[in-house]
Amino acid sequence: MTQQQPPTGDTPLVKLTVDRAVATITLDSPRNRNALSARLRSELSKALADAMADDDVRGIVLTATGPVFCAGADLKEIGAALAGEQIEPAPELPEIFEQIMGGPKPVVAVLNGAARAGGIGLVAAADIALAPKSATFAFTEVRIGAVPAIISVPVSARMHSRQLSRYFITGELFDAADAADAGLITRAVPDREMDHASESVLEGLRAAAPAALSRTKQLLGEVGGGAEAAPDRRSEAFERMGQLSAEFFAGEEAAEGRTAFFEKRPPSWSR
């Protein structure tokens, strides 16, 4: 297991560990409910970049400490910046969302508690999201005179339109079961079963061939929303997908996978 060292002598707000091909990125600023301050964004962006670039990493878990997963924007910091105070430069949320959504490795959000506003953007950007049934969610922007603009990009790709309209417009609280019904999260899990549920997902990542796993994540981005199934695109889509399938079936990973299957052993990449 490896531990990311903080960039300065300060206690880090984001921690990175790697174990059995899975990197775990932990937001560790519970004093302000893991709000997305400039420093936290900088450390989160670096942790994501390091994990995505690590050849030993198959997938990434994004979680947090304390009772809240992420409260969204750091409102105190925003107020200070608007008042003219100097705030350290940091990656903005679009860059972080793109690191998660466009990165080559799947990201699993494992919530420890509530998510609000921009924090829900992190949840939506992840490929898989598990939340305890006790977790709550709310798009609070409209209630403080703001608009959920940036997070609408990843969130609209996940949530069904009727629930998206309701929760964006009202800013009301909804629970994990409602979040799952709306498509925001993959599953609402009984609190005491979170460890088992997350480990089940991670075992799937550890059993997957690295190149095939990465290409499958990319594929999901290409076919999401069913656009490729439209009548005027199906023929061309089937042709491209046939080429992709043939390419991987003829590759080294598939050869190892077939051999391992017939020899009744785990493939070489299994962790």
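The share of alpha-carbon pairs in the chain lying farther apart than 32 Å comes to 28%.
Between ALA237 and ILE169, the modelled labels are 3.0 nm apart [label points 7 Å from Cα along Cα→Cβ]. Per residue, the accessible area of the stretch 157-264 comes to 64 Å² when a 1.4 Å probe rolls over the protein heavy atoms. In the full protein context, the stretch 25-84 carries 41 Å² of accessible surface per residue, based on a 1.4 Å probe and ignoring ligands, DNA and RNA. In the chain, carbon and sulfur make up what percent of the accessible area (probe 1.4 Å)? Roughly 56 percent, rounded to a whole number. With both labels modelled 7 Å from their Cα along Cα-to-Cβ, the VAL153 to GLU98 distance reads 0.7 nm. Taking the longest Cα principal axis of the chain as reference, the axis of helix 194-207 is set at about 40 degrees. Taking a point 7 Å from the Cα of THR136 along the Cα-to-Cβ direction, the residues of the stretch 42-79 with backbone N closer than 17 Å to it are 67-72. Note on the stretch 97-219: percent of Cα-Cα distances in each 10 Å bin, starting at 0 and stopping at the bin with the largest distance, equals 13, 44, 32, 10, 1.
Simple spin-label estimate for ALA229 and ALA49 gives 3.9 nm between the two label positions (7 Å along the Cα-to-Cβ direction from each Cα). With the helix formula -39500 (n - 2.57) applied to DSSP H stretches of n ≥ 4, the chain reaches a computed 222 nm mean residue ellipticity of -13000 deg cm²/dmol.
The values are calculated or read from the model by the stated rules, or taken from the named source; none is laboratory data. From a predicted model like this one, the values you see are computed outputs, not experimental measurements. Here the Cβ is made from the backbone with ideal geometry for all residues, glycine too, and neighbour counts use every protein chain on show. Each accessible area value is taken on the protein alone, full model and side chains, heavy atoms only, with ligands, DNA and RNA left out. Shrake-Rupley method; radii C 1.70, N 1.55, O 1.52, S 1.80 Å.
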